[in-house]
Amino acid sequence: MGNTSKVKRRTTKTFTHVKGALDQFFFDTDKLQNDPIFGIGLESGFTSLNQLLVGKDTPYFSIISVPEKNWTTAFGSSLIAELSIQFNRSIGYFSLSVSSSYFMGVLLSIVADVDPHLMRSGRLPSERWPDLSTASKNLVESEIYVDDARPLTMKAFHKRAHKMMKKSKIDLFVIDSLQFISCKKYHRNKARNYQKICQSLKDISEELNVSILLLSEFSGEYNTDEIDAGNDCQSLPFLKDFGKVPDAELVLISGKRNKGDRLFSLHLCRNREGPTGVVKLRQNLITSGFNNRNC
């Protein structure tokens, strides 16, 4: 989990005596059993995502692709609220699509469960102000660090992530989103650009010993019948711009939302470290935030 363990999950590749390997195994096992999100199944919705992203044996580098109309900022804010407030995780958030001020407004509305438009326009009913105050207090006490400097290159991300980790033991870096990351040398083929970015992020995550989640948007219509938990996500036509991204150890693709009951499904197509399947979420049509209540 992040860089909080005294024993790094990955070190320089070398040999070790069986005693050292056993010590590491028992250290990891003890830590896993004491983790509040240990042993949670996919059916638990957001809670299972928390385990996949920052639990023990989490992938270092993950991609979550969301249809552009469902907005990566709302999804990222929901995930961060759950991780930081419910599970006391330290998060470094790189907000490339909106300013840090706007992002905090989205995050605050989701945590307080209030209408962001009423909040921003000053028309929020007086009876809801206590909820806003409580949410603000919870956020102030959390370990969330926001960076909205643009453009973001891999060199700049490496430098700023390293600086952020000196201030706090970051468990997870979240980047919103792939489409706003700048490449030093652009290729006409988007897939090649994305591959280069993903490879760089994986290298950085291994070097800094911290997990990185990259949010991404995809456009266009798609057939949910094509999205099978057993499918290789690289073969899905609406992800053609990604090409082959071998560095993503966890890929979640959203299925179509049922507008009637606001259910939203994230298809865990590829997960080298654990189970695959469907994660059920619910989108709040007022705040645009996601949660796993009553799914």
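Would you say I110 is over 24 Å from W71 (Cα atoms) and either crowded, with 16+ Cβ neighbours inside 10 Å or touching a residue at least 12 places away in the same chain (Cβ under 8 Å) (or both)? Quick ask: steps written out before the conclusion?
Numbers: over 24 Å from W71 (Cα atoms): no; either crowded, with 16+ Cβ neighbours inside 10 Å or touching a residue at least 12 places away in the same chain (Cβ under 8 Å) (or both): yes.
The answer is no for I110.
Just so you know, in segment 75-109 the residues that are polar (S, T, N, Q) and within 19 Å of V210 (Cα to Cα) include one that is modelled with the lowest pLDDT, and it is N88.
Taking the criterion of being over 22 Å from A81 (Cα atoms), among the aliphatic types (A, V, I, L, M) and in contact (Cβ under 8 Å) with a residue 24 or more places away in the chain, the residues of segment 134-166 that qualify are L152, M154. Total residues in segment 151-191 satisfying the condition of being over 19 Å from I91 (Cα atoms) and of a type outside the set (V, I, T): the figure is 14. If you filter segment 48-74 down to residues that are more than 11 Å from the chain's Cα centre (by Cα) and β-branched (V, I, T), you find that the one that is modelled with the highest pLDDT is V66. Just give me the residues in segment 84-106 being under 15 Å from G289 (Cβ atoms), in contact with a strand residue (DSSP E or B) (Cβ under 6 Å, 6 or more places away or on another chain) and hydrophobic (A, V, I, L, M, F, W, C), in sequence order. Listed by number, the list holds a single entry, F103. Could you tell me whether F180 is on the phi < 0 side of the Ramachandran plot, of a type in the set (F, W, Y) and modelled with pLDDT of 95 or more? No, not satisfied.
Each residue in segment 95-150 was checked for being of a type in the set (S, T, N, Q), out of contact with any Pro (no Cβ under 6 Å at 6 or more places or on another chain) and assigned to a helix (DSSP H, G or I), and 8 pass.
Just the residues that are touching a Gly at 6+ places or on another chain (Cβ under 9 Å) and either in a helix (DSSP H, G or I) or within 19 Å of T72 (Cβ to Cβ) (or both), please, taken from segment 176-195. Correct list: D176, S177, K190, A191, R192, Y194, Q195. No other residue among I286, I227, I197, I253 is modelled with pLDDT of 75 or more and under 21 Å from the mean Cα position of the chain (by Cα) apart from I197. Kindly check whether there is at least one residue in segment 153-163 that is surrounded by 12 or more Cβ atoms within 10 Å (Cβ to Cβ), in contact with a Lys or Arg (Cβ under 7 Å, 6 or more places away or on another chain) and assigned to a strand (DSSP E or B). Checked segment 153-163: no residue is surrounded by 12 or more Cβ atoms within 10 Å (Cβ to Cβ), in contact with a Lys or Arg (Cβ under 7 Å, 6 or more places away or on another chain) and assigned to a strand (DSSP E or B).
The values are calculated or read from the model by the stated rules, or taken from the named source; none is laboratory data. Computed from a predicted structure; not experimentally measured. Cβ: placed from backbone, ideal geometry, glycine included. Neighbour counts: every protein chain shown.
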